[in-house]
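**Q** This is the structure I want to talk about, given as structure tokens.
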Amino acid sequence: MPRPIEALIHTDALAHNLARARRAAPQAKVWAVVKANAYGHGIERAYAGLQGADGFALLDLAEAERVRALGWRGPILLLEGCFEMRDLEACSRLNLWHTVHHEAQIALLAAHKTHTPHQVFLKMNSGMNRLGFAPSAYRSAWTRLSGLTQVDSITLMTHFADADGTRGVAEAAALFELTTRDLPGDRTLGNSAATLRFAHGQPEVGADWVRPGIMVYGSSPDFPAHTAADWHLQPTMTLRARLIALRDLQRGDSVGYGGAFTADAPMRIGVAACGYADGYPRVAPTGTPVLVNGQRTRLVGRVSMDMVTVDLTAVPDATLGSEVTLWGQGPGGNVLSIDEVARAAGTVGYELMCALAARVPTAVV
Ligand SMILES: *Cc1c(COP(=O)(O)O)cnc(C)c1O
């Protein structure tokens, strides 16, 4: 028998969350963001649930080729654009749309020999200060790009620094508006947080293409202000294992490496076949929520490479083989949001799903 751990990718939940993004920006076309191997879900595994998208956005040429290999003939966007001439050749060959965020990418395009002009996304820096032209340089970049025979159309793009935070998008969106006011072409502004929080009140944030990533995977972009359930999102990844040992502790017994947890009264614990080598965060402390037989309980002691230990006080019917839900959809319709686990570990749902380890057998359901 294989080690009792598996991940499930929930096709219906992906489709549901994608539809949720569409409802949040009903006028817009929707890029399903599938970078980082579909946020750890696996591009091939997530594909069935995401076929309702208008396009797929990602960073990596190899991933773009995988989307084409699945039979997708629609738009694919490279969010960081091209890094060298060979990438532009791949864009011509695979019909990939690409971001232009830097002078060097304009120079590359100008030198690229192609019979089919490209769809490019010209990115403005609206305060994130990672990629994109400064507002003062944006219009001249647009003018040079639009003069190239290699360019078919230019979509105007920015990415918000604080769509999930207290600053929100008002200032950045206004700067983008001002800079691009009379330029023709489609626009794309919103990631998940911007789309969920602001597209309704500020329609320009939801135009003309939105770029939801994390919400598609059932994690709330602004947890804990809103939970995934508040946003009507469903978990798309379940990580589950089984109990492979049970143990009764006496008062004073400690658990795991370093004895990081000590029982202050007699209690029963269980050992689940999931550890940090499976992608579960090693830093998750005692108290991190976990479900056993669908009942909520907590981690105790340190996460080790292949195992975690869980408190069974609240789960008297737990036995060898009981199901342990590390995150996602548990038995009896009980959900443990990846966002809660991430918070306990001092990180975000994004990081946990991206870190799902290759050794975990994964099924599409
Ligand atoms: C990753 C990414 C997104 C998606 O962001 P989420 O917060 O996951 O919705 C959108 N746009 C760009 C440019 C990105 O890099």
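The values are calculated or read from the model by the stated rules, or taken from the named source; none is laboratory data. Because the structure is predicted, anything quoted here is derived from the model rather than measured. Reconstructed Cβ throughout: ideal geometry from the backbone, glycine too, with neighbour counts over all protein chains shown. Calculation scope for accessible area: heavy atoms of the full protein, side chains included, ligands and nucleic acids excluded. Shrake-Rupley method; radii C 1.70, N 1.55, O 1.52, S 1.80 Å.
**Q** Give the relative contact order (percent, whole number) for the chain; include only Cα pairs under 8 Å separated by 6+ residues.
**A** Relative contact order here is 18 percent.
**Q** So between L320 and E351, what do we pick up on full extension, going 0.36 nm a residue minus the alpha carbon distance?
**A** Answer, rounded to one decimal: 8.1 nm.
**Q** Still on this model: Applying a 10 Å radius around every beta-carbon, put 194-207, 282-295, 247-260 in order of their mean neighbour count, most first.
**A** Answer by packing, highest mean first, reads 194-207, 282-295, 247-260.
**Q** Give me the percent of accessible area attributable to carbon and sulfur for the chain, probe 1.4 angstrom.
**A** C and S atoms contribute 52 percent here.
**Q** Mind ranking 36-42, 236-242, 341-347, 262-268 by how tightly packed they are, going by the mean number of other C-beta atoms within 10 angstrom, highest first?
**A** For the peptides 36-42, 236-242, 341-347, 262-268, the packing ranking is 236-242, 36-42, 341-347, 262-268.
**Q** A follow-up question, please. Counting only heavy atoms of the protein chains, get the accessible area per residue of the range 54-157 (1.4 Å probe) and round it to a whole Å² value.
**A** About 46 Å² of surface per residue is accessible.
**Q** Of D278, D87, D339, which is the most mobile in a GNM of the chain whose springs link Cα atoms less than 10 angstrom apart?
**A** Residue with maximal mean-square fluctuation among D278, D87, D339: D87.
**Q** With the chain treated as a Gaussian network of Cα nodes joined by springs under 10 Å, which of M124, M305, M353 yields the largest mean-square fluctuation?
**A** M305
**Q** Give me the accessible area per residue for the range 1-50, probe 1.4 Å, as a whole number in Å².
**A** Accessible surface, normalised per residue, equals 39 Å².
**Q** Between R93 and D186, what's the calculated FRET efficiency when r is the beta-carbon distance and R0 is 25 Å? Round to 0.05.
**A** The pair R93/D186 has a calculated efficiency of 0.55.
**Q** Hey, another quick one. Just to be sure I understand: with springs between alpha-carbon atoms less than 10 Å apart, which residue in L189, L246, L78 has the highest mean-square fluctuation in the Gaussian network model of the chain?
**A** Comparing L189, L246, L78 in the GNM, the peak value goes to L246.
**Q** Also: Over the range 14-60, what is the relative contact order in percent, taking alpha-carbon pairs closer than 8 angstrom and at least six residues apart?
**A** 49
**Q** May I ask for the distance between the Cα centers of the range 229-287 and the range 302-365, given as a whole number of Å?
**A** Taking the Cα centre of each part, the range 229-287 and the range 302-365 sit 8 Å apart.
**Q** Please compute the per residue accessible area over the range 240-323 with all protein chains in place, 1.4 Å probe, rounded to a whole number of Å².
**A** I get 46 Å² per residue for this part.
**Q** Between D253 and S153, what length comes free when the chain is fully extended (0.36 nm per residue of separation minus the Cα-Cα distance, one decimal in nm)?
**A** Difference between extended and current length: 29.2 nm.
**Q** A follow-up question, please. Between F83 and T143, take the C-beta separation as r, use R0 = 22 Å, and let me know the FRET efficiency to the nearest 0.05.
**A** The calculated FRET efficiency here is 0.35.
**Q** For the modelled label position 7 Å from the Cα of A174 along Cα-to-Cβ, which residues of the range 198-220 have backbone nitrogen atoms closer than 20 Å?
**A** Within reach of a label on A174: 198-207.
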